[in-house]
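See below for the structure under consideration.
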Amino acid sequence: MSTALTLSPSLHVVEDLRDGPLIIGLHGWGGSHHTFDPLRDHLPPDRAFAGCDWPGYGLSPAPSHFTLDAIVEPVAAWLHDLRGRHPGPFIAVGSCSGALFGIELLRRHPGALDHLVMVEPFAFNPWYLKLFLIPGFGRLAYVSTFANPLGRWLTNRSLAAQSDEQPDMTTVAHTPTRTTLSYLRELDRMGNARRFAEVTTPLSLVHGERTFGALIRGIPMWQELFPAAPLDVVEGAGHLPLSEKPELLARLVEREVAKAAEKVNRSAG
């Protein structure tokens, strides 16, 4: 089947449903399903793919009230519908907050995915993001950082050492402030990675070699909770390895695809 765009009352999705394992794209803060375009360019041309815009991002309408339910449950319903239309296995790639909302989805709906590749998952909300949640000051700080050209230039300049590719670290500027701050608030309310201790779906962990120190400091917590999860460090990448080093991410994803396919074959035999 060719790529098809569909719009439901609460979720915009893109689907390319072919035979074989299905890659599910779960974008992060300030992204959309287009986050995965560079990755798809390096996957086999016949690889099935489905992605969505989280509620309030891209072409998905924003809910009247942002809550964790309003963010996660529309995606869970879409995945449940996909189960009836594609045999899987489902290998999700979650980028940053997309990985965190993805594992929250698995905490609620254990059979929704067969594997989750967690790319750049914070184990806790770092202090510099919590600043944006301080009443009054936080919104002003956010607007100063992301909602004007000078703030975006200074932010990208200060983070330039993370990557040789110099990616734009301020893409949240293209999303309504209400959406991005609401997502940040719900992420903060989730606490830390220990919330997900009972998740049993297989996971793998990926972070950029030059990413944020707070993210790297949280990796041992993920490893403590999920000791079977492989950890890959993407050399030369910062916080956005999906756009900085998509060819390397594609190799990691295809490794998990092969494992999932082998598991299905063993079960069938």
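Listed values, structure above:
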read-out: Residue tally, condition of a type in the set (Lys, Arg) and in contact with a strand residue (DSSP E or B) (Cβ under 8 Å, 6 or more places away or on another chain), over segment 234-269; value: 2
read-out: Test: Val206 is under 22 Å from Ile91 (Cα atoms), open to solvent by less than 10 Å² (accessible area, probe 1.4 Å) and touching a helix residue (DSSP H, G or I) at 6+ places or on another chain (Cβ under 9 Å); value: yes
read-out: Ala76 of a type in the set (Gly, Ala, Ser) and free of Cβ contacts under 8 Å to residues at least 60 places away in the same chain; value: yes
read-out: Every pair of residues 6+ apart whose Cβ atoms lie under 6 Å, when the first sits in segment 244-256 and is at positive phi while the second is in a helix (DSSP H, G or I) and open to solvent by 10 Å² or more (accessible area, probe 1.4 Å); value: none
read-out: Filtered residues of segment 110-122 (kept if under 10 Å from Thr201 (Cα atoms) and either part of a loop (DSSP other than H, G, I, E, B) or small (Gly, Ala, Ser) (or both)); value: Pro110, Gly111, Ala112, Leu113, Asp114
read-out: Pair list, Cβ under 8 Å, 6 or more apart: segment 91-105 residue under 16 Å from Leu249 (Cα atoms), other residue part of a strand (DSSP E or B) and open to solvent by 10 Å² or more (accessible area, probe 1.4 Å); value: Ile91/His115; Ala92/His115
read-out: Top-ranked residue of segment 103-117 - restricted to ones that are surrounded by 15 or more Cβ atoms within 10 Å (Cβ to Cβ) and not aliphatic (A, V, I, L, M), ranked as nearest to Leu215 (Cα to Cα); value: Glu104
read-out: Contacts under 8 angstrom Cβ, first residue in segment 115-129 being farther than 11 Å from Val93 by Cβ, partner of a type in the set (Asp, Glu), 6 or more apart; value: Asn125/Asp188; Leu129/Asp188
read-out: Residues of segment 49-102 that turn out to be among the polar types (S, T, N, Q) and open to solvent by 10 Å² or more (accessible area, probe 1.4 Å), as a count; value: 3
read-out: All positions within segment 94-144 that are under 20 Å from Glu198 (Cα atoms) and among the charged types (D, E, K, R); value: Glu104, Arg107, Arg108, Asp114
read-out: Residue satisfying condition, being among the polar types (S, T, N, Q) and either under 21 Å from Val119 (Cβ atoms) or within 18 Å of the chain's Cα centre (by Cα) (or both), within set Ser60, Ser64; value: Ser60
read-out: Some residue of segment 241-256 being more than 17 Å from the chain's Cα centre (by Cα), surrounded by fewer than 21 Cβ atoms within 10 Å (Cβ to Cβ) and more than 25 Å from His42 (Cβ to Cβ); value: no
read-out: Matching entry among Ala76, Ala62, Ala99 (being part of a helix (DSSP H, G or I) and more than 25 Å from Val234 (Cα to Cα)); value: Ala76
read-out: Qualifying positions in segment 112-150 - out of contact with any helix residue (DSSP H, G or I) (no Cβ under 8 Å at 6 or more places or on another chain) and closer than 21 Å to Leu68 by Cβ; value: Pro135
read-out: Residue match in segment 206-217 (condition: assigned to a strand (DSSP E or B), under 16 Å from the mean Cα position of the chain (by Cα), of a type in the set (A, V, I, L, M, F, W, C) and modelled with pLDDT of 90 or more); value: yes
read-out: Test for Glu262: is it over 16 Å from Leu116 (Cα atoms), in contact with a helix residue (DSSP H, G or I) (Cβ under 9 Å, 6 or more places away or on another chain) and open to solvent by 30 Å² or more (accessible area, probe 1.4 Å); value: no
read-out: Segment 226-235, residues that are touching a Leu at 6+ places or on another chain (Cβ under 9 Å) and surrounded by fewer than 21 Cβ atoms within 10 Å (Cβ to Cβ); value: Ala228, Ala229, Pro230, Leu231, Asp232, Glu235
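The values are calculated or read from the model by the stated rules, or taken from the named source; none is laboratory data. None of the values given here were measured: they were computed from a predicted structure. Don't worry about glycine lacking a Cβ; one is built from the backbone with ideal geometry, like all the others, and counts go over all protein chains shown. For the accessible areas, the whole protein counts, side chains as well, though only heavy atoms, and no ligand, DNA or RNA atoms are used. Shrake-Rupley method; radii C 1.70, N 1.55, O 1.52, S 1.80 Å.
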